Amino acid sequence: MREKETTIYLGPQHPGITGNMMVKLKVAGDTIVKAETHVGYLHRAFEKLMEQRTWTQSFPIVCRICVPEPDPNEENLARAIEEIEGREVPERAKYIRVMVLELARLATYGLWMGGQSGSMGLYTMPQWTIGDRDYILDLFEELTGGRVYHMYIWAGGVRRDLPEGFTDRVLKTLDYLENRLPDYDNLLFNNALFQKRAQGVGIIPKDKAIEWGVVGPPLRGSGIKHDVRIDEPYEVYDKLNFIVPTSDGCDVWSRALVRRQEYEQSISIIRQVIEKMPKGDYYNKIPNPLTWQVPPGEAYVKTESARGEFGYYVVSDGSIKPRRVHVRGPAYVHGVSLLEKILVGANIADVSFIMNSLGTCPPEIER
Amino acid sequence: MAFDIKGVLAPFSALKQGTKPPHTVRYPKEKKETAARYRGLHFNDLEECIGCGTCATICQNAAIDMIHVDGFETNSGDSGLRPRVDNGRCCWCALCVDVCPTGSLNLTKDYVYVSEDPDSFLWMPGVDNPEGKENLSFQSAEGKPLLEYERIPMHELEGTERVKSFAEVLLGYNEEEARKEAARCVGCSICTDICPVHMHIPEYINAIANGDDEAAVKIIYDNNPLGETCGKVCTRRCETVCAIGHRGEPIAIRWLKGYATSTVNNADLIEKIVNPEILPPNGHSVGIIGAGPSGLTAAYYLSLRGFNVTIYESKSHAGGMIMYGIPKYRLPLDSIDKQVEYMEKMGVKIKYNTKVGKDITLEEMKQHHEAILIGIGFEVPYELGLVGENEEGSIQAVNFLRNINSDRHVEIGDKVVVIGGGNVAIDAARVSRRLGADVTILYRRRVEDMPADWEEIEGAEDEGVHIHPQAIPLEIILDENKKVKALKYANAEMIPDPEGGRPRPKIIEGDEHIIEVTSVIGAIGQSADYNFIPEDIKNQIEIKRGRIIVNEDQQTNVPWLFASGDIANRRADAISAIADGYRAVKGIEKFILKSENK
Ligand SMILES: Cc1cc2nc3c(=O)[nH]c(=O)nc-3n(C[C@H](O)[C@H](O)[C@H](O)COP(=O)(O)OP(=O)(O)OC[C@H]3O[C@@H](n4cnc5c(N)ncnc54)[C@H](O)[C@@H]3O)c2cc1C
Ligand code: SF4
Ligand code: SF4
């Protein structure tokens with residue numbers, strides 16, 4: 001007998017992920033027949049705001065596009081402006097930027113592990129990983145003055161040089177985080193329950209992944225080796241050695257494995273950065289931020305954020321304000337269109353589990 | 001599927017964490033120390049802050065407004081306002097900190113603030129948290145300044161090149177340099193407050209930065225018809241208070257004005273660009289004595305307001321001391337002529353070679369005009385009071401400069417001593433260098449006490465002028481033909497003033513010297529010749545220390561008689577004269593229209 005269909009509204013308050021959006025689910029029993037994503041609860045008009053702000057004033061705005069990982073936003077905006085302007089960035093600043101971006105990736109993966117585990121009721125994991133993430137935030141606080149919003153990478157380099165002895169403290173934190181991995185493995189990655197829940201769930205078929213616009217760990221978890229850091233290296237990624245892990249299960253489990261391996265890659269990248277970072281200037285100063293005009297032009301730049309390829313399209317008409325800043329973040333694709341496709345056939349209990357595996361981030365969807 | 005026993009047991013290893021010490025801080029017993037750069041609540045050093053409002057301008061959250069602090073007095077060069085932060089809007093980006101030109105605004109390590117009263121989240125940093133001073137954290141001094149503290153250098157002729165001719169020393173900014181220099185401005189308008197005529201400085205600088213020189217020129221003419229002159233020789237008090245000057249080199253306000261005005265190279269073009277509104281003739285007539293900066297300014301704006309204005313000028317050229325005093329290497333003749341020609345086109349009538357008191361009396365003038373403005377400047381030099389002063393080879397700087405500017409030959413020989421420490425002394429010395437003489441300036445006090453502009457002093461030294469401070473002239477020694485032969489002077493020591501005033505020079509007994517000279521040039525100050533004013537009027541107006549006392553409308557005690565410029569203004573520079581002239585316009589208009597309504 002066919003079960004009767006009902007409609008469930010998941011959200012809009014933190015629907016198993018952090019941030020506000022809503023998923024309207026048509027279910028038969030506890031199987032999803034149709035999923036409709038609804039966003040619009042968080043729109044802050046950042047892109048539009050920037051058209052009314054000077055270039056420098058835009059930096060404290062873009063970082064707020066993504067709470068867990070603001071830094072790719074800062075880096076993208078900075079690099080887009082530098083590309084339009086032809087502004088040189090000191091080598092040291094590029095290394096510092098990579099350090100920041102990779103620390104941010106570690107912090108974000110810490111949050112993801114917590115979210116992924118929390119969405120299946122494994123609440124010890126978030127206690128650990130969010131606590132451990134705080135050690136990274138301590139580093140951010142020391143480097144930038146802020147724990148969450150860094151406002152640190154900006155056009156021409158970075159805002160302040162590294163404090164005395166900073167790299168030693170980074171290395172110490174990296175050692176600590178690395179030593180924690182066996183604990184994480186025991187609790188999450190080797191956990192039979194997690195494997196059972198994650199395998200075969202939230203399938204993104206390999207032959208559809210590109211067509212659907214999937215990026216980042218979900219793409220690599222569908223067996224496709226794509227990573228902006230390797231494919232179109234920026235800053236100093238071409239001077240660093242690391243691998244791009246893939247896994248071809250196409251499911252939540254594969255995506256988890258990819259992130260777990262990338263965590264180690266990031267630790268290694270930061271260690272290399274510290275070893276190779278040259279001395280010298282950290283900031284090629286921009287002119288007076290109140291009158292600074294960026295010459296007319298446009299640029300599309302992208303980074304590999306923890307959630308995947310993160311792009312900025314920036315247009316200048318030669319004035320003191322951006323003409324247009326368009327943000328193309330991964331969450332828009334993952335959290336809106338992709339989710340609608342892959343939720344079909346899933347279990348209600350797996351909705352937030354799947355959302356977490358995609359790195360869905362409503363603040364970034366809406367900008 | 002095989003039963004994964006390891007996978008089932010592995011998570012239980014988490015239990016061992018229970019025996020480990022916690023990672024968390026025992027709040028509130030224990031508090032976490034914030035990082036040295038932590039971005040917490042603001043602190044503003046109220047004494048250092050100048051109220052420029054740049055912090056408010058940069059704040060992309062509009063979290064800062066500028067308000068008055070009760071009971072807090074400020075000096076000039078300060079808007080009197082202080083920033084207030086709305087902590088409900090602030091995101092602690094600290095752009096305000098990095099942009100603050102004085103460095104007064106910084107963030108502290110404090111971040112906890114609890115109150116039931118939402119209004120109390122509006123803070124006056126430094127007022128509401130004086131203790132913040134001890135808790136400074138994120139500070140601008142640590143990073144690179146956001147603003148640009150270095151001035152775009154001005155091109156000028158080399159000292160050795162300069163003394164060969166009267167060619168203009170400053171070569172001016174080119175377009176690109178002017179745009180760059182203008183772009184350094186933060187637009188705070190503290191300069192506007194201190195400018196005697198309150199020129200719209202940030203506005204014209206902004207126009208230059210945006211590539212609109214014509215708009216800049218038009219704005220300059222709002223209240224200064226001698227912008228080009230000021231762009232070359234102004235004493236630029238504005239630059240002394242420039243916000244950028246607190247930690248860097250002030251914006252080159254004077255040179256930017258010079259740049260904009262010099263892009264307009266003839267009177268017709270000025271007319272086309274300024275295109276001022278001219279009111280229809282109102283039937284009232286005003287007479288002005290002296291076509292110096294104050295007289296010209298008053299005449300120009302009165303003409304625009306519909307008055308019939310005539311200037312009576314004793315000389316054959318207008319401009320006063322900017323024409324006959326300031327040497328051509330600082331202010332070329334064609335520049336003055338262009339500015340005056342434009343004013344004449346706008347209806348200003350100038351009767352040249354007409355000296356009031358000789359060619360026409362004040363009473364006669366009064367028959368034609370309802371109000372009269374006196375702007376005759378200080379033309380009569382003070383005597384040095386030395387033996388031998390009135391003989392051949394002893395000259396007065398203002399006469400000397402006038403003759404040179406009038407293309408007359410003056411014989412000074414090859415060894416000149418100039419006595420004085422003001423701008424006139426420096427001008428006389430630098431002109432003498434251009435005539436080929438060795439030049440020494442004797443000044444009573446120390447170099448740092450010289451009233452002359454430091455740039456002028458440096459310029460003179462670059463050109464090989466020797467400055468001998470703390471030297472007091474005693475006697476001019478003449479040869480058998482009664483021609484100046486030498487100068488006797490004594491060195492002086494500085495005696496501190498017990499009341500804290502500036503130290504006074506005192507001759508050191510026996511430390512006397514004689515230098516051979518071909519000329520001695522006196523430059524110790526000037527006064528005015530008021531002989532043309534009839535006794536009965538002189539008795540009514542008040543003259544103190546050589547200056548006519550006026551009210552804020554430049555009006556004397558005789559209601560139809562106004563006075564402006566050096567004769568009324570102690571500052572005795574072109575821009576103060578222009579400001580006086582500008583104020584006189586309002587005063588005269590008020591006086592005439594009030595009499596009309598009676
Ligand atoms: C050598 C020198 C260098 C200077 N350098 C600078 C400088 O670099 N920057 C600066 O800002 N200021 C400078 N000044 C000062 C500045 O020139 C004067 O403050 C300014 O010109 C005063 O303007 P004024 O309108 O009061 O009169 P003045 O400029 O003195 O003009 C008075 C006019 O009245 C005329 N006049 C006088 N008596 C009569 C009469 N009875 N009848 C008819 N006409 C009469 C005179 O011929 C003259 O044209 C300098 C002055 C001198 C002497
Ligand atoms: S920018 Fe600095 S000096 Fe200017 S008002 Fe703000 S705190 Fe005061
Ligand atoms: S810290 Fe940033 S948001 Fe706060 S007042 Fe300063 S500029 Fe505005």
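The values are calculated or read from the model by the stated rules, or taken from the named source; none is laboratory data. As the structure is a computational prediction, the values presented were derived from the model and not from experiment. Cβ coordinates were reconstructed from backbone atoms using ideal geometry, including for glycine residues, and neighbour counts include every protein chain displayed.
So that you can scan it fast, the table gives a plain yes or no per residue for (1) surrounded by fewer than 16 Cβ atoms within 10 Å (Cβ to Cβ); (2) more than 14 Å from ligand 1 (Cβ to nearest atom):
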| position | (1), (2) |
| --- | --- |
| B:345 | yes, yes |
| B:364 | yes, no |
| B:398 | no, no |
| B:402 | no, no |
| B:411 | yes, yes |
| B:419 | no, yes |
| B:429 | no, no |
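Would you call residue A:56 assigned to a strand (DSSP E or B) and crowded, with 20+ Cβ neighbours inside 10 Å? It is false that residue A:56 is assigned to a strand (DSSP E or B) and crowded, with 20+ Cβ neighbours inside 10 Å. So, residue B:269, is that one part of a helix (DSSP H, G or I) and touching a strand residue (DSSP E or B) at 6+ places or on another chain (Cβ under 9 Å) or not? No; evaluated as a whole, the condition is false for this residue. Of the strands (runs of 3 or more DSSP E) entirely within the range B:410-497, those holding at least 3 residues that are farther than 25 Å from residue B:239 by Cβ occupy B:415-419, B:438-442, B:471-478, B:484-495. Restricted to the range A:267-359, the set of strands (runs of 3 or more DSSP E) holding at least 2 residues that are within 14 Å of chain B (Cβ to nearest Cβ) and in contact (Cβ under 8 Å) with a residue 12 or more places away in the chain comprises A:322-328.
Residue A:116 meets the conditions (1) in contact (Cβ under 8 Å) with a residue 24 or more places away in the chain; (2) facing another protein chain (nearest Cβ under 10 Å); (3) closer than 22 Å to residue A:217 by Cα; (4) not hydroxyl-bearing (Ser, Thr, Tyr) in every case but one. The failed one is (2).
Okay, residues lined up against (1) within 16 Å of ligand 2 (Cβ to nearest atom); (2) away from every other protein chain (no Cβ under 14 Å); (3) within 21 Å of residue B:131 (Cβ to Cβ):
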position: B:26; (1), (2), (3): no, yes, no
position: B:53; (1), (2), (3): yes, no, no
position: B:58; (1), (2), (3): yes, no, no
position: B:68; (1), (2), (3): yes, yes, no
position: B:72; (1), (2), (3): yes, yes, yes
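For the range A:195-216, how many residues are in contact with a Pro (Cβ under 9 Å, 6 or more places away or on another chain) and part of a helix (DSSP H, G or I)? Within the range A:195-216, residues that are in contact with a Pro (Cβ under 9 Å, 6 or more places away or on another chain) and part of a helix (DSSP H, G or I) number 2. Those residues that are farther than 19 Å from residue B:245 by Cα, at pLDDT 90 or above and buried (at least 21 other Cβ atoms within 10 Å of the Cβ), I need them from the range B:157-195; list them, please. Within the range B:157-195, B:173 is the sole residue that qualifies. Among the conditions (1) in a loop (DSSP other than H, G, I, E, B); (2) of a type in the set (A, V, I, L, M); (3) surrounded by 22 or more Cβ atoms within 10 Å (Cβ to Cβ), the only one that residue B:154 does not satisfy is (3). Test residue B:443 against the stated conditions and say whether it is hydroxyl-bearing (Ser, Thr, Tyr) and surrounded by fewer than 18 Cβ atoms within 10 Å (Cβ to Cβ). Here the answer is no, as residue B:443 does not meet what is asked.
All conditions but one from (1) in a helix (DSSP H, G or I); (2) within 13 Å of chain B (Cβ to nearest Cβ) apply to residue A:72; the one that does not is (2). Comparison of B:96, B:91 shows that the only residue that is in contact with a helix residue (DSSP H, G or I) (Cβ under 8 Å, 6 or more places away or on another chain), within 11 Å of ligand 2 (Cβ to nearest atom) and within 14 Å of chain A (Cβ to nearest Cβ) is B:96. Against the numbered list (1) in contact with a helix residue (DSSP H, G or I) (Cβ under 8 Å, 6 or more places away or on another chain); (2) over 28 Å from residue B:579 (Cα atoms); (3) within 11 Å of another protein chain (Cβ to nearest Cβ), residue B:181 comes up short only at (2). Considering (1) more than 24 Å from residue B:58 (Cα to Cα); (2) under 18 Å from the mean Cα position of the chain (by Cα); (3) part of a loop (DSSP other than H, G, I, E, B), the lone condition that residue B:164 does not fulfil carries the number (2). Selection of the range B:520-568 for residues being in a helix (DSSP H, G or I) and within 27 Å of the chain's Cα centre (by Cα) yields B:565, B:566, B:567. With respect to the conditions (1) more than 14 Å from every other protein chain (Cβ to nearest Cβ); (2) touching a residue at least 12 places away in the same chain (Cβ under 8 Å); (3) under 19 Å from residue A:341 (Cβ atoms), residue A:227 lacks only one, and its number is (3).
Restricting attention to the range B:375-396, the residues that are more than 19 Å from residue B:325 (Cα to Cα) and near ligand 1 (Cβ under 9 Å from one of its atoms) add up to 0. Out of the range B:198-220, which residues are in contact with a Gly (Cβ under 9 Å, 6 or more places away or on another chain) and surrounded by fewer than 24 Cβ atoms within 10 Å (Cβ to Cβ)? If the condition is that a residue be in contact with a Gly (Cβ under 9 Å, 6 or more places away or on another chain) and surrounded by fewer than 24 Cβ atoms within 10 Å (Cβ to Cβ), then B:202, B:203, B:206 are the ones that fit. When the test is whether a residue is farther than 30 Å from residue A:187 by Cβ, assigned to a loop (DSSP other than H, G, I, E, B), more than 16 Å from ligand 2 (Cβ to nearest atom) and out of contact with any strand residue (DSSP E or B) (no Cβ under 6 Å at 6 or more places or on another chain), residue B:35 passes it. Entry remark, the range B:52-109: residues being more than 14 Å from ligand 3 (Cβ to nearest atom), charged (D, E, K, R) and surrounded by fewer than 17 Cβ atoms within 10 Å (Cβ to Cβ) number 2 in total. Checking B:62, B:56 one by one, the residue that is assigned by TED's automatic domain parsing to the domain that holds residue B:112, within 21 Å of residue A:60 (Cβ to Cβ) and either under 30 Å from the mean Cα position of the chain (by Cα) or within 16 Å of ligand 1 (Cβ to nearest atom) (or both) is B:56 and no other.
Listed by first and then second residue, the pairs linking a residue in the range B:502-531 that is touching a residue at least 12 places away in the same chain (Cβ under 8 Å) and closer than 24 Å to residue B:381 by Cβ to a residue that is of a type in the set (Phe, Trp, Tyr) and part of a strand (DSSP E or B), with Cβ atoms under 9 Å apart and 6 or more places separating them unless they lie on different chains, are B:515/B:489. Taking the listed residues B:179, B:184, the one that is part of a helix (DSSP H, G or I) and of a type in the set (Lys, Arg) is B:179, with no other qualifying.
Does residue B:52 fit the bill of being under 25 Å from residue B:184 (Cβ atoms) and in a helix (DSSP H, G or I)? So residue B:52 fails the test.
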